[in-house]
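Quick note: the coordinates plus some simple rules give every number you see, no bench work behind them. Small disclaimer: the values here were computed from a predicted structure and weren't measured. Every residue, glycine among them, receives a Cβ derived from its backbone with ideal geometry; neighbour counts consider all protein chains shown.
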Amino acid sequence: MDNTLEASAQRFLKLATRLRRLGADAPVSDGALISPSHLALLEYVATFPGCGVQEIADGLKLSPPTVSVGVRQLEKMDWLARQPHPDDRRAIQLFLTSTGEDVYRRAHAFHRRKFGRLLQGLTPEERDTLLTLLERAVNAAESSEK
């Protein structure tokens with residue numbers, strides 16, 4: 001087996017593609033699928049209610065115009081709502097609507113089930129090893145970005 005970094009990256013990419021396909025047809029809201037980018041925005045706002053566009057852009061490492069487009073799309077779907085910032089009239093705060101909270105909750109539950117199916121074939125020790133190695137890999141990748 002070719003164990004070069006390039007071969008390992010290609011193998012990982014194939015696994016990531018297969019992982020995305022697990023339950024890829026699961027609807028989240030009224031038969032609609034949620035895109036990964038919309039889910040990332042919803043998750044950020046759910047985690048940091050009252051955040052602004054710039055904060056989301058910084059947190060997700062995206063440009064503010066990209067975030068603004070996504071925010072407008074989620075507003076049209078009634079998943080996000082803008083409110084004026086109480087201390088800065090020029091700024092806005094973003095919050096999930098009740099529909100957005102429901103979509104986020106269902107998407108989160110779907111992903112827990114999906115990853116539960118993935119991990120159920122492993123022993124508790126294997127799960128711990130897999131997750132520990134993934135955490136190490138992500139930490140190393142994040143450190144190399146700085």
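Figures for the structure shown
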{"item": "Anisotropy class of the chain from Cα gyration tensor, a/c 1.5 cut", "result": "prolate"}
{"item": "Lys114, Lys76 arranged by Cβ crowding within 10 Å, fewest neighbours leading", "result": "Lys76, Lys114"}
{"item": "Three-way shape call for segment 35-79 based on the alpha-carbon gyration tensor, with the a/c threshold at 1.5", "result": "rounded"}
{"item": "Whole-number percent relative contact order across the chain, with pairs defined as alpha carbons under 8 Å at least 6 apart", "result": "20 percent"}
{"item": "Segment 67-146 - percent relative contact order, Cα under 8 Å, separation 6 or more", "result": "17 percent"}
{"item": "Highest average packing first - 38-45, 99-106, Cβ atoms within 10 Å", "result": "38-45, 99-106"}
{"item": "Nitroxide proxy distance, nm - points 7 Å out along Cα→Cβ at Asp88 and Ser8", "result": "4.2 nm"}
